[in-house]
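Engineer: Structure provided below as structure tokens; questions to follow.
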Amino acid sequence: MQPDLRPTRRSLIRLAAIATLAPGLAACVADGLATGTAGGPEKSSALDVSPVLLVATTRKPVGNPPKAPYFSSDRGRGLSFAEVRLASPDRSLIGKVSAVVTGDWAVSAVPQVQTGLGAAAAFAEAALGRDLLIYVHGYRESFESAAVSAARLSDGIRFRGASALFTWPSAAATFDYGYDRESALWSRDGFGDLLKALVASPSGGRINIVAHSMGTLLTLETLRMLRAEAGEAAMARIGAVILAAPDIDIDLFTASAERLGSDVNKITVISATNDRALELSGAIAGGVVRAGAADRARLEALGVRVADASDYGGGLINHDLFLSNPEVQGVVKRAIGRGGGGGA
């Protein structure tokens, strides 16, 4: 759940990143691997070299030909696919300083949108032969804000495969939590169609998924459906599944994890017991603790890996540390490497 801090959210994220450049997470984020990047930092991501984001969405497209904001908060008719052109950040010293205030990545163009039965196949063809990183956003996100987060995530971990976004019809409004939750669940078929097209692709790479907040509910429900309908062979194409600050009832999370069987070991949960956004959503949901704020032992008992980032929140909310903290981004990078993705 995104805090109601926009339009200053991006500047706060950048400032939090500066404030949290601390020693490794070995003491508080034990994800089973040593922290730090072997062989030194990588200079650029594939997205930085070719700033194209593959987008699949259940949002309603805006205009034909597309025009800003390109995809609305309304529910569309079936799945849509677009190759979105991004404007990459200024890597100069002046650019880095100004990015603290203005942000960095931006959507520059959406040349065309394909909607209907061929959308999932077109997406799979665009990603053919490459490892894939799909970002699934959370509550209170517009298409543009979700696209920027997807770019920041992929670039932050220096992902070398194809970068993608699955975006569902969030109202992008503080008081529309109920609409967002229903829209996320409504989008299961669209996300499921996309994943089935990807796993059926003859020479595709590993499919890695990073889901945030309410997007974790959509992701878990869709993976359950994929396993039930397409079997373990389809799930073998799924590399890493990283659930960042999952805004999902711990009881529902438990049931979903149990239904995934042995595939539960693909999941890494980034949790924080001091996540204020999850405290609020838990109160809205009747007081049941959210999976992203649950005790580590309770989560690990389900067979998932847990990265407890409680001590690495530099702000009041601590809900999107995977975008702001380089050490937490390291957890994402290692999870993808562990899953055989090879793109990070």
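Engineer: Do we find a residue being in contact with a Phe, Trp or Tyr (Cβ under 9 Å, 6 or more places away or on another chain) and not in a loop (DSSP other than H, G, I, E, B) anywhere in segment 244-261?
Structural biologist: Yes, that holds for at least one residue.
Engineer: If you go through segment 269-278 one residue at a time, do you hit one that is open to solvent by 10 Å² or more (accessible area, probe 1.4 Å) and acidic (Asp, Glu)?
Structural biologist: Checked segment 269-278: no residue is open to solvent by 10 Å² or more (accessible area, probe 1.4 Å) and acidic (Asp, Glu).
Engineer: Would you call SER92 among the hydroxyl-bearing types (Ser, Thr, Tyr), at pLDDT 95 or above and out of contact with any helix residue (DSSP H, G or I) (no Cβ under 6 Å at 6 or more places or on another chain)?
Structural biologist: Against the criterion (among the hydroxyl-bearing types (Ser, Thr, Tyr), at pLDDT 95 or above and out of contact with any helix residue (DSSP H, G or I) (no Cβ under 6 Å at 6 or more places or on another chain)), SER92 does not qualify.
Engineer: I would also like to ask the following. So, in segment 102-157, exactly how many residues are over 17 Å from SER50 (Cα atoms) and touching a Pro at 6+ places or on another chain (Cβ under 8 Å)?
Structural biologist: Count: 6.
Engineer: Show me the helices (runs of 4 or more DSSP H) entirely contained within segment 117-199 in which 2 or more residues are under 22 Å from TYR70 (Cβ atoms) and open to solvent by 40 Å² or more (accessible area, probe 1.4 Å).
Structural biologist: So the answer is 119-126, 177-186.
Engineer: Give all pairs with beta carbons closer than 6 Å in which a residue from segment 224-245 that is at positive phi meets a residue that is outside any helix (DSSP H, G or I) and surrounded by 16 or more Cβ atoms within 10 Å (Cβ to Cβ); count only pairs at least 6 apart in sequence or on separate chains.
Structural biologist: ALA245/SER213; ALA245/ASP275; ALA245/HIS319
Engineer: Scan segment 260-274 residue by residue and report those that are in contact with a Leu (Cβ under 9 Å, 6 or more places away or on another chain) and either farther than 18 Å from VAL328 by Cα or charged (D, E, K, R) (or both).
Structural biologist: Of everything in segment 260-274, those that are in contact with a Leu (Cβ under 9 Å, 6 or more places away or on another chain) and either farther than 18 Å from VAL328 by Cα or charged (D, E, K, R) (or both) turn out to be LEU260, ASP263, VAL264, LYS266.
Engineer: Does GLY261 meet the test of being at pLDDT 90 or above and surrounded by fewer than 24 Cβ atoms within 10 Å (Cβ to Cβ)?
Structural biologist: When the stated conditions are applied, GLY261 passes them.
Engineer: For segment 246-258, enumerate the residues that are more than 19 Å from ALA234 (Cβ to Cβ) and open to solvent by less than 10 Å² (accessible area, probe 1.4 Å).
Structural biologist: If the condition is that a residue be more than 19 Å from ALA234 (Cβ to Cβ) and open to solvent by less than 10 Å² (accessible area, probe 1.4 Å), then PRO246, ASP247, ILE248, ILE250, PHE253 are the ones that fit.
Engineer: Considering only segment 36-69, state which residues are hydroxyl-bearing (Ser, Thr, Tyr), over 21 Å from HIS137 (Cα atoms) and at pLDDT 90 or above.
Structural biologist: SER50
Engineer: GLY282 - would you say it is at pLDDT below 90, farther than 23 Å from ALA233 by Cβ, among the small types (Gly, Ala, Ser) and outside any helix (DSSP H, G or I)?
Structural biologist: So GLY282 does not fit the description; no.
The values are calculated or read from the model by the stated rules, or taken from the named source; none is laboratory data. All figures in this text were calculated on a predicted structure; none of them were measured in a lab. Every residue, glycine among them, receives a Cβ derived from its backbone with ideal geometry; neighbour counts consider all protein chains shown. Note: areas computed on protein heavy atoms with side chains; ligands, DNA, RNA excluded. Shrake-Rupley method; radii C 1.70, N 1.55, O 1.52, S 1.80 Å.
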